[in-house]
Amino acid sequence: MILSVALFSACNNKPAANKTVAVAEVKKGIAPIADPEIAVIEMEQPVFGTMKIELYSNIAPQMVARFKTLAKEGFYNGTTFHRVSGIVIQGGDPNSKDDDPLNDGAGESDKPDVPAEFSDILFERGIVGAARTTDPNSANCQFYITLQRYPSWDKNYTVFGKVIEGMNNASTISGTPKNGERPLDKMVIKSITIQPK
């Protein structure tokens, strides 16, 4: 549970507003339906290859739309997987493009946050989720790929896709030398493109 808070609480550094946060509704019993388009992550270092992600807009329409929009704008190109462990790899922070690793995890896009779109899809190997702060409605641009079953995230984070090809590459990224969860070498995302399935 400590990992969950430490991992995603640094998604951005906006001050918390003085408001009551509504408990997010959880979509239950809805099977994910893959969109006709997939996201393709190509890593800058060829050894890390590519990953293909099917997207679930019937489960998380706003987060899928945000991810597609940012990918089409080239927002993710040059960002890194800035946090890696045996459980998860997290990326998509624009701050990771600079040379200051201490601000990685605090960045966001210029677009408004996306409200929670929780479901009862289990966080198993390959699930793609939306990173956020402790506010359930603070997902913005960062995302993560789950490397193993992690029940603590069930119904608490937005699932918006699943890796359908290249999970071996995600595992290779997670095994890179690191200081804590910070890779010693930059794990640079060359591009994320949206392509026909």
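What follows is calculated from the coordinates using simple rules that are stated; it is not laboratory data. Predicted, not measured: the structure shown is a model, and the values here were computed from it. Here the Cβ positions follow ideal geometry from the backbone for every residue, glycine too, while neighbour counts run over all protein chains shown.
May I ask you to compute the full-extension gain from Asn103 to Val47, defined as 0.36 nm times their residue separation minus their alpha-carbon distance, rounded to one decimal in nm?
Details: separation 56, 0.36 × 56 = 20.16 nm, distance 2.62 nm.
Contour length minus Cα-Cα distance gives 17.5 nm.
Pairs of alpha-carbon atoms within less than 8 angstrom and 6+ residues apart define the contacts here; what relative contact order does the chain have, in percent? Write down the numbers at each step before the final one.
Values: 465 pairs, mean separation 62.9, N = 197.
Computed value for the chain: 32 percent relative contact order.
Rounded if a/c is under 1.5, else prolate if a/b beats b/c, else oblate: with a ≥ b ≥ c from the C-alpha gyration tensor eigenvalues square-rooted, which is segment 38-138?
Details: a/c = 1.40, a/b = 1.21, b/c = 1.16.
Rounded.
In bins 5 Å wide, starting from 0, what share of all Cα pairs of the chain does each bin hold, as a percent?
The percentages, shortest bin first, are 1, 8, 18, 23, 23, 17, 8, 3, 0, 0.
Quick one: which residues, 5 or more positions from Gly161 or on another chain, have an amide H under 5 Å from its amide H? H modelled 1.01 Å from N in the peptide plane, none for Pro or chain starts.
Residues meeting the criterion, in which the H sits 1.01 Å from N, are Tyr56, Val128.
Counting only residues 5 or more places away or on other chains, whose amide H sits under 5 Å from the amide H of Leu147 once H atoms are built in the peptide plane?
Val88, Ile89, Gly126
Which ³J(HN,Hα) values, rounded to whole Hz and listed in residue order, are derived for segment 57-73 from phi using the Karplus coefficients 6.51, -1.76 and 1.60 in 6.51 cos²θ - 1.76 cosθ + 1.60 with θ = phi - 60°, glycine and proline given as x?
Couplings: 6, 6, 9, 9, x, 6, 6, 5, 4, 4, 4, 5, 4, 5, 4, 5, 7 Hz.
Ordered by residue, what ³J(HN,Hα) values in Hz, to whole numbers, does segment 29-39 give under the Karplus form 6.51 cos²θ - 1.76 cosθ + 1.60, where θ = phi - 60° and Gly and Pro are x?
x, 9, 6, x, 10, 5, 5, x, 10, 10, 9
Could you give the nm distance between label points at Arg149 and Ala24, where each point is 7 Å from its Cα heading toward the beta carbon?
About 2.2 nm, to one decimal.
Pop the C-beta distance of Ser85 and Ser191 into the FRET formula with R0 = 25 Å and round what comes out to the nearest 0.05.
Working: r = 24 Å, r/R0 = 0.97.
Once the sixth-power term is evaluated, E becomes 0.55.
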